[in-house]
Amino acid sequence: MPFEPKIVAYLCTWCSYTGADTAGIARLKSPANLRAIRVPCSGRVSPEIVLRTFDHGADGVLILGCHPGECHYDSGNHRAAKRIPILRALMGFAGLETERLRLDWVSASEGERFSHIVSEFTDTVRALGPVRWQVRGNPATAVQDDRSANPLWGAHQSSNSLIPADKLAEFADRNRKFTESIRLNASELLKSGRVHCVIGYETGTHARTRPAFIWDASEADRLVWNQECTHNLTLYLEDALNRKNQESERKPVVAVVVKACDERTIQVLLSENRFSREQIHLIGVACDGIYQVEGSQGNDENQEFALQQKCVDCEQRLPLSYDTLIGEAARQSLAEQSLVPGMGVDSLVEQMSQTTPQERMDFWLSQFDRCIRCYACRQACPLCYCPTCLFERDDSLWTGMGIEIDEKRTFHLGRAYHLAGRCIGCNECERVCPMSIPISLINHKLAQEMKNYFNYEAGLAIQPSPLVTILGGEERLP
Amino acid sequence: MIANNHEPHLWFITQEELRNWLESITDHATLIAPQNFDGIVLFKPTSDVNEIDWGNSRAAMSIKEAFFPPTEQLMVIKRRGAEVKVTEKLFKEKQVIFSARPCDARGMKVLDSVFITTEPEDSYYSKRRANTTLIGLTCQQMGATCFCTSMGGSPSNPDDMDIMLTAYNGGYLLQIVSEKGRELVTGVNLQPTTIAVEIEDEIGRAPTPQIGDWPPRFADDYWEELAERCLSCRICAYVCPTCRCFDVRDEALPNDDGWQQFERIRCWDSCTSEGYRRIAGGHNPRDTKAKRLKNRVFCKFYFYPQQYNPVACTGCGRCIDACPVNIDITELLQHLTEVVYANRA
């Protein structure tokens, strides 16, 4: 028997569902593959619904709404036009053939158009064959162990941007100066009462660098600066602000040490009204790039230092805004200093996008397979601030509780989607992952899509956010 | 061949013979061994001995997974009209774990007290435990974050294994520890030996307060300070060989020939996560990071020992390595010990 795809269609009740009726009344032929689900509006079809549909074995998902300008709710279809292309890029990057997800417009009178789109879509999906997405109960999608033929393995780990020894010495000298300045600055801020707390870095056990919270000027000497100051400390701002809130009458102010990337987080948090600019004091640091920080299991004293991937491409040495600046103003990018031969995240994402869906699918399944759903990536993300994560609800609405491949992938892709147009690429999610899953590649892919599609970059200014949910005319309508 | 109970307990096996032996094990049992996945060493089933990671480094996850999987289907429930069928899913296979480390094996003893020794017995866990043989491997060297010797363990302790291996002269010294171990080596070509290898135990890395010293520390401000940087993720609990909390839920499966289908699953959970202690009505008695972090530490060193003894930490040091914000349990214990002594003085 030839393959007949299962196609789930979400039809807007005002236009497309009526359009389907019109097609029926006119006795136009449409393939019987369609499972139609009537929704109030194409804008109601959230990305989570689409993910869930594929998770449950759909071979294709068709979303039909009213033509632009004809939405019963004014702009629901414009929202769909913003979300679905980004979701498509995301699922494509994870290994789905993008042709399996289509958004189009059918009005109530367009029976013929409905019939045409459905036939065309069904033919496309039929030609693609059975979907490789859902893993459970689907041997064709099993996690592959044979990596020999797949160009992606190894590629994502290849950027060994080793720091030359003479640079290390130069950095060490600068670190000492920066450390002095940060301590002095923090101490003054606390003594004068301008801030209640300074969030910075200190040296912890096993020579690791870790976040430090300084509430008293006498403790300021704990603060340090070095190339292992990887944490994005803006994560802790709200907690520190709230903590002070409860104890003092005065409006609390918290100072935080930020690198250029961390400061972009501040722009997004301010855009989303998490706190006001007056409540924070930014101690900006001129950043020379951060090293890959590993666990301390090996007793390696001759450890070589390599830059984090995010730093290889980074052209921005200074934070865009700051209240105090530590270090000199304009510096060249690392690439300009011809320091770093390695491959950055952007080129990696580019390389991955060139591979086949099958190769990407195998790659990501093998990566997500290791996930233990510890949620460290989410917890380390300053922009994952929902009180209850959609993927951790008691009712298993969007994904089950299981620590298994389907659930894990849905969590990671769903989280990535929620960060589209918001993630500023600090890559802390990847750094904290105990299983070394290259999660940040997905975030960078979506950042590229946002730039290409909407000409939008997160964290460069205070601007309406999240871009995928607000309406400002950025969407491209066919 | 092992013939009677009077034979020596120490044998020598060459690397080659060990490989052959492990290969023969895959014929009748699932072999679980450390393997390298993109730089991460994990215990996973394998049918190919060539995949095994023979290095000395400790795996990123403990062997707990083999007995208490991250997700376990407990039963399948089917319903059609008034008819209901329930099928329990008990573990029936045999498994052999190769290269288990003493800290992990000791961790299983900690779980045994909870799941087996204490009524009612957890049949899911106990079946897996009974069907699994542990081939241990002596650690050549304690890692930078290891502190098993402070928790009463040792890198060469064979007590909780079925068979213990110690690398020696290109091969391994093999010690048969239990009856299960004896069964597994039946037919293997072993040469008796009397060689003993000394592994240097480093001591005193983490002084630990006595059990009675813990309750007064419950109200310390220290927990708030320590938890300021805590992410409230679950890494420490999930990499821990003794953390054993879980959640149980019924989830729908696709219908099967007119039958509605559901599965009852249990999944790892952790007291370090925010929703763990939330109760009906929305109240959360452990609503801050500090309370949650404190609970995990108290569970290891006070709540668990009170009920089962000894402490529920084996000093494997994984949580120290994996914590993204350097919450170091040895630093914490050191601090508390100092406070205890200061208060006594």
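Just so you know, all these numbers are worked out from the coordinates, no wet-lab data involved. The shown structure was predicted, so the numbers you read here are calculated from the model rather than taken from an experiment. Cβ: placed from backbone, ideal geometry, glycine included. Neighbour counts: every protein chain shown.
Could you work out the pair-distance distribution P(r) of the stretch A:376-423 from its alpha-carbon pairs, with 5 angstrom bin width and percents rounded to whole numbers?
Calculated P(r), rounded to whole percents: 5, 21, 30, 27, 13, 3.
Any idea what log10 I(q)/I(0) is at q = 0.10, 0.14, 0.17, 0.20 Å⁻¹ for the stretch A:7-128, Debye with uniform C-alpha scatterers and no solvent?
Treating every Cα as an identical point scatterer, log10 I(q)/I(0) equals -0.27, -0.53, -0.79, -1.08.
Convert 20 °C to kelvin, take the viscosity as 1.002 mPa s, use the Kirkwood radius over C-alpha pairs of chain A as Rh, and evaluate the Stokes-Einstein diffusion coefficient in µm²/s, rounded to a whole number.
Values: Rh = 24.5 Å.
Rounded, D is 88 µm²/s.
Any chance you could run the full-extension gain for A:Leu184 through A:Glu272? It's 0.36 nm times the residue separation minus the Cα-Cα distance, nm to one decimal.
Additional length available on full extension: 28.5 nm.
I need the calculated FRET efficiency for the pair B:Thr87 and B:Asn20, taking r as the beta carbon distance and R₀ as 45 Å, to the nearest 0.05. Intermediate values should be presented prior to the final figure.
Details: r = 39 Å, r/R0 = 0.87.
So the FRET efficiency works out to roughly 0.70.
Using Cβ counts within 10 Å as a stand-in for footprinting exposure, how do A:Glu263, A:Glu278 rank, fewest first?
Working: A:Glu263 24, A:Glu278 8.
Least crowded to most crowded, the residues run A:Glu278, A:Glu263.
Assuming R0 = 30 Å, what is the FRET efficiency of A:Thr388 and A:Ile470, from their Cβ-Cβ distance, to the nearest 0.05?
Details: r = 23 Å, r/R0 = 0.75.
Step by step, r from the Cβ atoms, then E = 0.85.
What is the distance, in nm, between label points placed 7 Å from the Cα along the Cα-to-Cβ direction at A:Glu170 and at B:Val248?
My value for the distance between the label points is 6.3 nm.
Looking only at other chains, what is the average number of their beta-carbon atoms within 10 angstrom of each beta-carbon in B:230-240? Mind showing how you got there, number by number?
Working: counts 2, 14, 3, 9, 7, 9, 3, 1, 7, 4, 0.
Taking all residues of B:230-240 together, the mean is 5.
Once Rh is set to the Kirkwood radius over Cα pairs, what Stokes-Einstein translational diffusion coefficient, in µm²/s, holds for chain B at a temperature of 4 °C and a viscosity of 1.567 mPa s?
On the way: Rh = 22.1 Å.
D, rounded to a whole number, is 59 µm²/s.
Pop a pseudo-label 7 angstrom from the Cα along the beta-carbon direction at both A:Leu477 and A:Val143 and give the gap in nm to one decimal.
So the two model labels end up 4.5 nm from each other.
Can you give me the distance in nm between label points at A:Thr98 and A:Asp123, each placed 7 Å from the Cα along the Cα-to-Cβ direction?
2.2
Which of A:Lys310/B:Lys64; B:Lys44/B:Lys180; B:Lys44/B:Lys291; A:Lys259/B:Lys289 have a Cα-Cα distance over 24 Å? Write out the running numbers ahead of the final one.
Values: A:Lys310/B:Lys64 35 Å; B:Lys44/B:Lys180 21 Å; B:Lys44/B:Lys291 34 Å; A:Lys259/B:Lys289 26 Å.
In this structure, A:Lys310/B:Lys64; B:Lys44/B:Lys291; A:Lys259/B:Lys289 exceed 24 Å between Cα atoms.
Give me the extension gain from B:Arg80 to B:Glu225: residue separation times 0.36 nm, minus the current Cα-Cα distance, reported in nm with one decimal.
Working: separation 145, 0.36 × 145 = 52.20 nm, distance 5.57 nm.
Extra length from B:Arg80 to B:Glu225 when fully extended: 46.6 nm.
When you take every Cα atom in the stretch A:165-326, what is the radius of gyration, and what is Dmax, the widest Cα pair distance, in Å?
16.0, 52
Based on DSSP H runs of at least 4 residues, each adding -39500 (n - 2.57), what is the mean residue ellipticity at 222 nm of chain B after dividing by all its residues, to the nearest 500 deg cm²/dmol?
-7000 deg cm²/dmol
At a Förster radius of 22 Å, what calculated FRET efficiency corresponds to the Cβ-Cβ distance of B:Trp54 and B:Ser113, to the nearest 0.05? Write down the numbers at each step before the final one.
Details: r = 32 Å, r/R0 = 1.47.
Here the calculated transfer efficiency is 0.10.
Can you tell me what share of the DSSP beta bridges in the protein assembly as shown is antiparallel? A percent to the nearest 5 is fine.
Values: 53 of 91 bridges.
Roughly 60 percent of the beta bridges in the protein assembly as shown run antiparallel, per DSSP.
For n ≥ 4 DSSP H runs only, could you compute -39500 (n - 2.57) per run for chain A, divide by its residues and tell me the 222 nm figure to the nearest 500? It would help to have the intermediate numbers written out before the result.
Details: 14 runs with 171 residues, N = 478.
My calculation for chain A gives -11000 deg cm²/dmol from helical runs alone.
In what sequence, highest mean first, do B:275-287, B:312-324 appear when ranked by Cβ atoms within 10 angstrom?
Numbers: B:275-287: 11.5, B:312-324: 26.4.
Top to bottom by mean Cβ count within 10 Å: B:312-324, B:275-287.
Which percent of the Cα-Cα distances in the protein assembly as shown go past 50 Å?
Values: 75730 of 338253 pairs.
Value for the protein assembly as shown: 22 percent of Cα pairs lie more than 50 Å apart.
What is the gain in length, in nm to one decimal, between B:Gln141 and B:Asp27 on full extension, counting 0.36 nm per residue of separation less the C-alpha to C-alpha distance? Can you show the working numbers first?
Details: separation 114, 0.36 × 114 = 41.04 nm, distance 3.26 nm.
Full extension of this stretch gives 37.8 nm more.
For the stretch B:16-154, just the Cα set please: Rg and Dmax, both in angstrom.
17.7, 62
Enter the mean number of other protein chain beta carbons within 10 Å of the beta carbon of each residue in B:262-269, as an integer. Don't skip to the end; give the middle numbers.
On the way: counts 0, 2, 0, 5, 2, 7, 5, 1.
Average per residue, whole number: 3.
Is there a simple number for the mean count of other chain Cβ atoms within 10 Å of the Cβ of residues in A:395-407, and what is it? Before the final figure, lay out each step's value.
Details: counts 1, 4, 0, 0, 0, 7, 11, 10, 8, 5, 0, 0, 3.
Per residue, the average neighbour count from other chains is 4.
Could you tell me what percent of the DSSP beta bridges with both partners in the stretch B:125-229 are antiparallel, to the nearest 5?
Details: 6 of 9 bridges.
Given both bridge residues lie in the stretch B:125-229, the antiparallel proportion sits at roughly 65 percent.
Can you give the convex hull volume of the alpha carbon atoms of the stretch A:39-86 per residue, in Å³? Working shown, then result.
Details: hull volume 3.3 nm³, N = 48.
Looking at the stretch A:39-86, the number lands at 70 Å³ per residue.
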